[in-house]
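Have a look at the structure below before the remarks.
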Amino acid sequence: MSAIRLLVLGAVRRHGRAHGYQVRNDLEFWGAHEWSNAKPGSIYHALKQLAKQELLVAHEVAPSAVGGPPRTEYELTPAGDAEYFTLLREAITSYDQKNDVWSTAIGFLVDLERDEAVRLLKERVRGLQDWRDGVTEHYVPEAGTQSIGHIGEIMNMWVHSADAGIEWARGLIGRIEGGAYSFAGEGGDPFRGTLADSPEAIEAMKDAAW
């Protein structure tokens, strides 16, 4: 799965309609350019490709009164909305994808209802645990390095990564079950203050500048 595909669909969905610069600003505000391939060129390319695939619809917007070129605003189609949620659910439950995909899933987790988010996270934990159990039937961390030398450190690293992933996901599940964050269907705005052009975000950036 491509992280940029999920990132762009999710970012556009946040606004209802968004032009490329808004999507880019949001993703940079979230630091996605540091932990994924969400660079300016890839963002604009993804917007155009998703429109070609009829997952986004492109709206040509007239130039502003003060001048400047017209902008293209994008909006999810029903197929794009369905694709977004399919990718999101897969990114949460598939424990073996790249970290940028998993990071993206965490960012959009609140688009789901709370109970579903918990259920999918528990499915992820089970997958990680099953993978770890399968590996350690044949390989024992630390002890394995004695028989195959430094190559054993590779599996050692993966087993420890699985342990850390399980621990962190269980912590997240506990926080969500304890009432943390606002999820879909709860009447609030799950993304309040997280969009680059939101009043809260602008104030936060002003405070940081001081």
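Points to keep in mind about this one:
- Scanning region 167-188 for residues that are aliphatic (A, V, I, L, M) and touching a residue at least 24 places away in the same chain (Cβ under 8 Å), we see that the one that is farthest from R119 (Cα to Cα) is A184.
- Given (1) hydrophobic (A, V, I, L, M, F, W, C); (2) exposed (fewer than 13 other Cβ atoms within 10 Å of the Cβ); (3) modelled with pLDDT of 65 or more, index of the condition I176 fails: (2)
- Selection of region 1-52 for residues being under 25 Å from P78 (Cβ atoms), among the hydroxyl-bearing types (S, T, Y) and assigned to a loop (DSSP other than H, G, I, E, B) yields only S2.
- Residue list for region 67-109, filter: modelled with pLDDT under 95 and assigned to a loop (DSSP other than H, G, I, E, B): G68, P69, P70, S94, Y95, D96, Q97, K98
- Annotation note: Cβ proximity below 6 Å between a residue of region 114-130 that is more than 24 Å from H160 (Cβ to Cβ) and a residue that is outside any helix (DSSP H, G or I) (sequence gap 6+ or interchain) occurs for R114/F183.
- Single unsatisfied condition, I151 versus (1) part of a helix (DSSP H, G or I); (2) under 28 Å from E28 (Cα atoms); (3) at pLDDT below 90: (2)
- Residues located in region 3-45, provided they are touching a residue at least 24 places away in the same chain (Cβ under 8 Å), of a type in the set (G, A, S) and under 18 Å from A91 (Cα atoms): A3, G10, A32, S36, A38
The values are calculated or read from the model by the stated rules, or taken from the named source; none is laboratory data. Please read all numbers here as calculations on a predicted model, not as lab measurements. With ideal geometry, Cβ positions are generated from the backbone for all residues, glycine too; neighbour counts draw on all protein chains shown.
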